[in-house]
Amino acid sequence: MKVIVAIDSSPASQRVLDEATARPWPENTIFSVVNVVDVQRFARFPMLIEDAKREADRLVKAGTEKLACSGHKTLPEVIMGFPRRAFPNTQRNGTLT
């Protein structure tokens, strides 16, 4: 089974990670921890895109570590794009690891 956990820096995302670590999952379940960096948000300030990507990498790494400490297999992924389109397109194209 593959479980996709889309997170951001909100407290709600941390609660989702807490719930995922606390629940029983079938053997061989893999968690893809995903964050989408909204590049349109930084269109006027392209120098901030790298900062946003670094923060997304940090969030995803922390999320994967939290799940991995509970014994789960994890895959981190940061997607660059417009969140409303990037995430569904990535799933549809099969590029989400």
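Every number in this text was worked out from the coordinates using simple rules, so none of it is lab data. Here the structure is a predicted model, which is why all the values come from computation and not from measurement. Quick reminder, even Gly has a Cβ in these numbers, built from the backbone with ideal geometry, and neighbours come from all protein chains shown.
How much length would be gained if the chain were fully extended between Ala6 and Asp51, taking 0.36 nm per residue of separation minus their Cα-Cα distance, in nm to one decimal? Write out the running numbers ahead of the final one.
Values: separation 45, 0.36 × 45 = 16.20 nm, distance 1.93 nm.
Length gained between Ala6 and Asp51: 14.3 nm.
Pairing the Cα long axis of helix 47-69 with the longest principal axis of the chain, what angle in degrees results, from 0 to 90 and rounded to the nearest 10?
Roughly 0 degrees, rounded to the nearest 10.
So what's Rg/Rh here for the chain, counting alpha carbon atoms and using the Kirkwood radius for Rh?
On the way: Rg = 13.8 Å, Rh = 13.9 Å.
Result: Rg/Rh = 0.99.
Over the residues of the range 21-70, compute the C-alpha Rg and express it relative to 2.2 N^0.38 Å. Spell out each step's value before the answer.
On the way: Rg = 14.8 Å, N = 50, 2.2 N^0.38 = 9.7 Å.
Its radius of gyration relative to the 2.2 N^0.38 Å reference: 1.52.
Against the longest principal axis of the chain, how steep is helix 11-22, in degrees 0 to 90 to the nearest 10, with axes from Cα atoms?
30
Along the charge dipole of the range 2-93, Cβ charges K/R +1 and D/E -1, which of Val34, Thr64, Pro24 sits furthest on the positive end?
Val34
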